[in-house]
Amino acid sequence: MATADIFERLRNGETISSSDAEAYKMREASFATKKLAVQMNTATEPSEIRQILSHITATEIHESVTVFTPLHINYGKHTKIGKNVFINFDCVFLDLGGITIEDNVLIAPKVSLLTEGHPINPAERQSLVPKPIHIKKNAWIGANATILQGVTIGENAVVAAGSVVSADVPDNVIVGGIPAKIIKNIYT
């Protein structure tokens, strides 16, 4: 039986030790992605940006997607972006744990989607703990918000600017603060 490669193991939520025999592959992949990201971040035509982002993510980015660069991604192949998504300037996607952005999502400037963390125990701190982020349809992530690993943002939800989201957000609510808490319901 073949052992899954490190990227499959990350996508499956396995903690990866810094002494893992394949750990070097994460850095190599990040530097390969960085080369493409530099090209993407200097492109001025929306179609070229989408084409390079398609290459980074190894998926087809729909023509309805708009990305205002720069966009910083450490891997890319664990990011899935739906239709009619808008990603504003200067966002950071650490996606080794997996990022899913469904249709009609708005992502404001300086948003960070961080699927990776580290153990609290100092003896294990160099290990990588991946958990996915899922942003459901019609969500709006406000400027300078940070979404932490393992979080799902519900359908139609709004994350207020500057929030740090460390727990799942239900559908049809506005959350804000550090840590983000429900501020009010959205009635549709």
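Key figures
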| quantity | calculated |
| --- | --- |
| All positions within region 111-147 that are open to solvent by less than 70 Å² (accessible area, probe 1.4 Å) and of a type in the set (Gly, Ala, Ser) | 112, 117, 127, 139, 142, 143, 145 |
| Residue in region 54-64 that is under 11 Å from the mean Cα position of the chain (by Cα) and within 20 Å of residue 156 (Cβ to Cβ) present | no |
| Selection status of residue 93, open to solvent by less than 50 Å² (accessible area, probe 1.4 Å) and of a type in the set (Phe, Trp, Tyr) | yes |
| All strands (runs of 3 or more DSSP E) inside region 106-181 with 2 or more residues being modelled with pLDDT of 95 or more and within 15 Å of the chain's Cα centre (by Cα) | 112-114, 133-135, 146-148 |
| Options 92, 67, 85; residue that is of a type in the set (A, V, I, L, M, F, W, C) and within 26 Å of residue 124 (Cβ to Cβ) | 92 |
| Of all residues in region 34-65 being in contact with a Lys or Arg (Cβ under 8 Å, 6 or more places away or on another chain) and surrounded by 13 or more Cβ atoms within 10 Å (Cβ to Cβ), the one that is nearest to residue 86 (Cα to Cα) | 65 |
| Tabulated pairs, region 149-160, first hydroxyl-bearing (Ser, Thr, Tyr), second open to solvent by less than 40 Å² (accessible area, probe 1.4 Å), C-beta under 8 angstrom, 6+ apart or interchain | 152/133; 152/135; 152/169 |
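The values are calculated or read from the model by the stated rules, or taken from the named source; none is laboratory data. Nothing here was measured: the structure is a model prediction, and the numbers come from that model. In this analysis, Cβ positions are derived from the backbone assuming ideal geometry, glycine residues included, and neighbour counts consider all displayed protein chains. Please note that ligands, DNA and RNA were not included when accessible areas were found on the heavy atoms of the full protein model with its side chains. Shrake-Rupley method; radii C 1.70, N 1.55, O 1.52, S 1.80 Å.
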